[in-house]
Amino acid sequence: MLEPELLVVLRSSLAAEQQLSEDVQVVHTASPKVMLVRLPAGANAAAALGDVVYVGVEPPPEVLSALDDGERLFVDAWLARRSAEPKARPADGLAWDAEGMSPPDLPQT
């Protein structure tokens, strides 16, 4: 079983190419050294990832300040997504003609 996404910042792109364990599932990458991963439950992040600067869900300011603009944008977007309230979709999964629902409007011609 895999754990939720973790932010990983490696010292260099070389570390990513040479040291990612087979157990690591890379979900998204911002650069060769900044990525989101999932690890097996109970896995040791440092052992699975190699030359790690940071791994977790709340990066400290010193880690964020070392990122380039693109990497920082990626991390900021991920943090915003994590903190967002889930959308309330009361009809999610129901048929369009379920009780209390109305069909979608026809396209305007």
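The values are calculated or read from the model by the stated rules, or taken from the named source; none is laboratory data. These numbers come from a predicted model, not from an experiment. FYI the Cβ positions are ideal-geometry reconstructions off the backbone, even for glycines, and counts take in every protein chain you see.
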Requested in this report: Within region 47-92, count every residue that is outside any helix (DSSP H, G or I), hydrophobic (A, V, I, L, M, F, W, C) and under 14 Å from residue 35 (Cβ atoms).
Outcome: 5
Report task. Would you please list the contacts, defined by Cβ atoms under 6 Å and residues six or more apart or on different chains, that run from a residue in region 5-22 that is under 21 Å from residue 68 (Cα atoms) to a residue that is surrounded by 15 or more Cβ atoms within 10 Å (Cβ to Cβ) and modelled with pLDDT under 70? Result -> 8/49; 10/16; 15/50
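Determine, yes or no, whether residue 63 is at pLDDT 85 or above, surrounded by 10 or more Cβ atoms within 10 Å (Cβ to Cβ), β-branched (Val, Ile, Thr) and within 13 Å of the chain's Cα centre (by Cα). Steps first, answer last, please.
Details: at pLDDT 85 or above: yes; surrounded by 10 or more Cβ atoms within 10 Å (Cβ to Cβ): yes; β-branched (Val, Ile, Thr): yes; within 13 Å of the chain's Cα centre (by Cα): no.
Criteria not met by residue 63.
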Report task. Within region 9-26, track down each residue that is at pLDDT below 90 and in a strand (DSSP E or B). Result -> 10, 25, 26
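Could you list all residues from region 71-109 that are more than 30 Å from residue 9 (Cα to Cα), of a type outside the set (Gly, Ala, Ser) and surrounded by 10 or more Cβ atoms within 10 Å (Cβ to Cβ)?
Step one: of region 71-109, the residues more than 30 Å from residue 9 (Cα to Cα) are 88-109.
Pick out the ones that are also of a type outside the set (Gly, Ala, Ser) and you get 89-90, 92, 94, 96-97, 99, 101, 103-109.
The answer is 94, 101.
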